[in-house]
Each structure stands twice: as structure tokens, then as C-alpha cells.
Amino acid sequence: MAEKNIIEKLNSCVSSVRRVTDFVPRVALTLGSGLGDYAKNMRVAAEIDYKDIDGFPVSTVAGHAGKLIFGHIGDVPLVCMQGRVHYYEGYPMTDVVLPVRLMKMLGATSLVLTNAAGGLGDGMAAGDLMLITGQISSFVPSPLIGPNIDELGPRFPDMSEIYDRELIALAKKCAAELGIDLKDGTYLQFTGPAYETPQEVRMAKILGADAVGMSTACEAVAANHMGMRIVGISCISNLACGLSEKPLSHEEVQAAADEAAPRFAALVTKLIEGMGELCR
Ligand code: HPA
């Protein structure tokens, strides 16, 4: 997609949202599987269906209902993406990351990314939470391919510290205070939609990954390009293919994510409250 179309689309999304609300978020949050109803924890100020945002990609996956929700957690103004679009649905990467770019343009300076992922780190079990401390996005196209959009960020952005050091420390502190065992590690994004083969999982492990999934890393690249401070947490909904006896099913992945949801939500809430201090 040409550079002009991307920025035109973003501007028309901003206009659609601004016709509904003048809410200015400070933190942006993407909700992965299991956190779909996280908004019940927010004091909601406004909501807008993705389909009512002119140019916004609308998800096709069951269980990924789509709307942007504006409101507060504690005193922190937040915009939350309930439902994301995935690259495997057939959208160009620039559409996949459009929501993250939009949330930045609406005012959010930091981003909390959540997802469900397959675990392959040592000692991991289904139901664990993993703080993302680094990522491998080399198996999906970069959302930055194409003419650079200078309004968003530089042509050759540094990616040495995508996940913000202070936010990593904050997430660890929040988990400790809540008594949650928070693993940490590297997230690797594959395209999906098929789950990995055992051989691909072995490759990912050799490459240094601790979790594999089908989202998030591309969003982090786009957000880092725009200078957002990023923190990411995976719900390890299953051991990656080949590491347990059972074949993977979407229903079981969803069920494990749902089971971990209360712990996940408590951690995200404490983290966002803490970000109110850190991310002015
Ligand atoms: N692989 C890829 N994506 C996933 C997985 C997995 O095992 N579990 C949840 N999302």
C-alpha cells in the first residue's frame, strides 16, 4: 500500500473516532485471548465498533469481537483494543498494525500488548504468564516495508530495546506484589494460522524463543517505530506443538487462556495503574 494511502486511512480513522469522543488516552492496551472481557475492569467513557471506524480492518475470527474502548483504570486514561486482526486473516501488514498506530495518534504514548502463546521455555506450563523481554519477528513481513512515513517515525528505527526496561521492572514488581509467578522470555511470531509443527517448534527453541504466537511482534515493531514505550505479556495457553502428548485445538487454547484470565487481568490492572506514574 502506498504511503499516502496509509496515512490517509489513519487520518480518516482518527476523524471517525473524534466524531464520537474527544477522550485522550495515555496508555493503549491490546487484548489477547482470555482478556476479551477485560473492559469490565474499566470505567468506560466511550466505545466505538471497529466497523464504524472508517478504514479500520475488521476481524473475521470468531471470539475476536471488535471495538475500541476508552476509559480509566484507576486514574490512568486508557484506550483498549477489544479484538485484533491477524496477518493470517489476509490483511496487509500495514492494516494489521493500523490499530496500534491509530491509538498512538489518539494520544497513547505507551502500549501494553497481550496475547496467548505456545510455551517452549524451560519449566513452562499451560496457564503460566510470560513477560516478553525480547522478540523475533523475522518470520513475518515487517509492517515498515514500503516508503517510510516520516510523520510516524524514522526510516531505520533502532530495535535494540523494543520492550521498555522500566516497564519490564514495573511488571515484575506488580507480579511479585500479587504473588503471581511471572516467567520472562523471547516471543517469536509465526504467520499461522496453522499451529507449528514439532520441527518448527524445535527450530524456534534453537533460535532462542520461549513462546510462539501469531500476533504482537509486528505490532511492537510498528509501535517502537513511533517511539511508544512497550510492555508485553503472553498467557502461555499451551505447550507448543510436540512438547506435550496432545494435539493442539483452538478450543483448548481458548479454554486455558480463559482459565488464566483472572490472574492475567489482575496483573494488567496493577501494571496500568503503575504506568500512570511512569508514563506521563
Ligand atoms: N502457537 C502459535 N500461536 C498460539 C499457540 C501456539 O502454540 N497457542 C496460542 N497461540
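The values are calculated or read from the model by the stated rules, or taken from the named source; none is laboratory data. All values derive from a computational prediction rather than experimental measurement. When we count neighbours, we look across all protein chains shown, and the Cβ atoms used for this are built from the backbone with ideal geometry, even at glycine.
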| Pairs with Cβ under 7 Å, 6+ apart, first in the stretch 179-196 and farther than 16 Å from D210 by Cα and of a type in the set (G, A, S), second assigned to a loop (DSSP other than H, G, I, E, B) and within 15 Å of the ligand (Cβ to nearest atom) | G192/H86; G192/M214
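One line per residue, one yes/no per condition, for (1) modelled with pLDDT of 95 or more; (2) of a type outside the set (G, A, S); (3) closer than 22 Å to L243 by Cα:
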{"residue": "P99", "(1), (2), (3)": "yes, yes, no"}
{"residue": "L102", "(1), (2), (3)": "yes, yes, no"}
{"residue": "D122", "(1), (2), (3)": "no, yes, yes"}
{"residue": "A125", "(1), (2), (3)": "no, no, yes"}
| field | Condition met for E273 (more than 28 Å from S138 (Cβ to Cβ) and either of a type in the set (F, W, Y) or within 11 Å of the ligand (Cβ to nearest atom) (or both)) | value | no
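Quick grid of which residues meet (1) modelled with pLDDT of 95 or more; (2) touching a His at 6+ places or on another chain (Cβ under 9 Å):
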{"site": "V24", "(1), (2)": "yes, no"}
{"site": "V27", "(1), (2)": "yes, no"}
{"site": "A46", "(1), (2)": "yes, no"}
{"site": "D52", "(1), (2)": "no, no"}
{"site": "S59", "(1), (2)": "no, yes"}
| request: Scan G123, G119 and give me the residue that is touching a residue at least 24 places away in the same chain (Cβ under 8 Å), out of contact with any Ser or Thr (no Cβ under 9 Å at 6 or more places or on another chain) and closer than 29 Å to P193 by Cβ. | output: G123
| said: Looking at the stretch 231-242 only, could you name the residues that are more than 30 Å from G276 (Cα to Cα) and near the ligand (Cβ under 9 Å from one of its atoms)? | reply: N238, L239, A240, C241
| task | State all residues of the stretch 160-195 that are of a type in the set (K, R) and closer than 15 Å to M130 by Cα; if no residue qualifies, say none. | result | K172, K173, K183
| How many residues does the stretch 2-22 hold that are at pLDDT 95 or above, part of a loop (DSSP other than H, G, I, E, B) and small (G, A, S)? | 0
| field | Selection within the stretch 203-230 - more than 14 Å from the ligand (Cβ to nearest atom), outside any strand (DSSP E or B), more than 14 Å from G134 (Cβ to Cβ) and within 20 Å of the chain's Cα centre (by Cα) | value | E219, A222, A223, H225, M226, G227, M228
| remark: Flagged pairs (Cβ under 7 angstrom, 6 or more apart or on separate chains; first in the stretch 239-258, touching a residue at least 40 places away in the same chain (Cβ under 8 Å); second among the aliphatic types (A, V, I, L, M) and part of a helix (DSSP H, G or I)) are A240/V201; C241/V201; G242/V201; L243/V201
| Which condition number in (1) at pLDDT 95 or above; (2) on the phi < 0 side of the Ramachandran plot is the one that G208 fails? | (2)
| task | Being within 16 Å of the ligand (Cβ to nearest atom) and exposed (fewer than 14 other Cβ atoms within 10 Å of the Cβ) is the filter; apply it to the stretch 164-202 and report the residue that is farthest from K246 (Cα to Cα). | result | T191
| query | Is it the case that T114 is among the polar types (S, T, N, Q), in a strand (DSSP E or B) and touching an Asp or Glu at 6+ places or on another chain (Cβ under 7 Å)? | reply | no
